[in-house]
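The values are calculated or read from the model by the stated rules, or taken from the named source; none is laboratory data. As the structure is a prediction and not an experimental result, all values here were calculated from the model. Using ideal geometry, Cβ is built from the backbone for each residue, glycine included, and neighbour counts are taken over all protein chains shown. Heavy atoms of the whole protein, side chains included, go into the accessibility calculation; ligands, DNA and RNA do not. Shrake-Rupley method; radii C 1.70, N 1.55, O 1.52, S 1.80 Å.
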Amino acid sequence: MSKVWLSSPHMGEKEQEYVLEAFRTNWVAPLGPNVDAFEKQLSDLLSVNEAVSLSSGSAALHLALIVLGIKTGDVVLCQSFTFAASAFPINYCNAIPVFVDSEKDTWNMDPELMEEAITDQIKKGKKPAAIIVVHLYGMPAKMNQIISIAEKYNIPVIEDAAEALGSTYENKACGSFGKIGILSFNGNKIITTSGGGALVSNDKDIAAKVRHISAQAKEPAPYYLHKETGFNYRLSNICAGIGRGQMEVLTQRVERRRQIFDLYKKELKQIDGINFIEESANSFSNRWLTTVIFDENHFKPGTNEQVRQLLEKHNIESRPLWKPLHQQPVFAENKSYCNGVSDQLFATGLCLPSGSNLTDEVVTKVIDEIKSFVK
Ligand SMILES: *Cc1c(COP(=O)(O)O)cnc(C)c1O
């Protein structure tokens, strides 16, 4: 059997056409019609005033922190259970990441622990300057509570929706709750531009500033005039052409990922001790990756890793859940507010192949391997 990937690019029918169009018109770079159309698709989908397409989700986070005025020594609260790219941009700003653990329902930032972190940091004279909350694996975080606590202390929220395009919470798109939301179109995400990202916001001033500094902060003058530091972070008209085609099939991609989740669940749920994360009544997950937990009361420690190795032997890629950032050597010096939830998830969980281009037959093969192991 050929290699089964965790989550590989899945092109639709129109991507090449939009890219070819850019070649035909020699609008290969820089910005252009594909960029404009892609941004319109994004802002429509999320029902936000502005979407600015950028070279990556990381670039979007970096600019989000900059436009919020994050500077050297500022404390920024960040979900601990996430990919390191959620927090690296805090370091780019010479600010200080402080990590907050997750709750058990959504695996995202625990609102109560978040408030504890805020009040404790305030006591130390280090009121957090921003909060980065993540919708991990596409599962919406408890945004009502998070936003109301953040408002109480007047701290802006940046929503890392890199994995959650197409997910909603109370019928509102993930990425549209915070002061700023960010998206990623990296190769393994639910849709891809081969590499890219976007910053979304309802605040037109924020978007205007991001458009300005993401394109080298050129002031209107015949010569190059700069009043502030610029970045070369814009998405090219070629990549945006891929994104345009991908946006046309996003609904299908979400549907397929959800079907794959349902198939895994139907077959593996029968086994005592294999658990899945469920949506709450008011949330809809794009099910970017299907994850399973091997409950410690039923399985020996390390079962997740043994299953991963078994799958690897059969040319099937699976992956541990994100290693919490408070456990990462690069952040060893950083303060964290923990409750054991993400440590436990990392110790017992596994991400299964979930790409929307996987057939039922291939998913069933993965299921059969797991069943054979637990027997
Ligand atoms: C992928 C990802 C990012 C970074 O996006 P890039 O486009 O790869 O820079 C940030 N946060 C999370 C949660 C991600 O999964």
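Things to note:
- Considering residues of region 192-209 that are more than 12 Å from the ligand (Cβ to nearest atom) and not charged (D, E, K, R) only, the residue farthest from the chain's Cα centre (by Cα): 208
- Among residues of region 135-152 being open to solvent by less than 10 Å² (accessible area, probe 1.4 Å) and among the small types (Gly, Ala, Ser), the one that is nearest to residue 290 (Cα to Cα) is 138.
- Among residues of region 101-134, those that are within 25 Å of residue 66 (Cα to Cα) and open to solvent by less than 20 Å² (accessible area, probe 1.4 Å), counted: 14
- When residue 22 is tested against the conditions (1) modelled with pLDDT of 95 or more; (2) open to solvent by less than 30 Å² (accessible area, probe 1.4 Å); (3) of a type outside the set (Ser, Thr, Tyr), the lone failure is (1).
- Residue 227 being surrounded by fewer than 22 Cβ atoms within 10 Å (Cβ to Cβ), at pLDDT 95 or above and of a type in the set (Lys, Arg): yes
- A Cβ distance below 8 Å, combined with a sequence gap of six or more or placement on separate chains, defines the contacts here; from region 171-197, residues that are over 20 Å from residue 131 (Cα atoms) reach residues that are assigned to a loop (DSSP other than H, G, I, E, B) and charged (D, E, K, R) in the pairs 189/163; 190/163.
- Residue selection: residue 35 satisfies the criterion of being more than 15 Å from the ligand (Cβ to nearest atom), open to solvent by less than 10 Å² (accessible area, probe 1.4 Å) and touching a residue at least 60 places away in the same chain (Cβ under 8 Å).
- Some residue of region 210-223 being away from the ligand (no atom under 16 Å from the Cβ), of a type in the set (A, V, I, L, M) and part of a loop (DSSP other than H, G, I, E, B): yes
- Here the condition is being under 30 Å from residue 362 (Cα atoms) and not aromatic (Phe, Trp, Tyr); of 47, 43, 7, 55, it holds for 7 alone.
- Residue list for region 168-188, restricted to those being away from the ligand (no atom under 13 Å from the Cβ) and of a type in the set (Ser, Thr, Tyr): 168, 169, 176
- Check on residue 170, within 20 Å of the chain's Cα centre (by Cα) and assigned by TED's automatic domain parsing to the domain that holds residue 47: yes
- The residues of region 291-302 that are out of contact with any Cys (no Cβ under 7 Å at 6 or more places or on another chain) and either closer than 18 Å to residue 163 by Cα or open to solvent by less than 10 Å² (accessible area, probe 1.4 Å) (or both), listed by number, are 292, 294.
- Filter pass, residue 43 being of a type in the set (Ser, Thr, Tyr), open to solvent by less than 50 Å² (accessible area, probe 1.4 Å) and within 16 Å of the ligand (Cβ to nearest atom): no
- Tally, over region 238-290, of residues that are under 26 Å from residue 187 (Cα atoms) and either assigned to a helix (DSSP H, G or I) or open to solvent by less than 30 Å² (accessible area, probe 1.4 Å) (or both): 37
- Number of the exception - residue 319 against (1) open to solvent by less than 60 Å² (accessible area, probe 1.4 Å); (2) under 28 Å from residue 371 (Cα atoms); (3) touching a strand residue (DSSP E or B) at 6+ places or on another chain (Cβ under 7 Å): (1)
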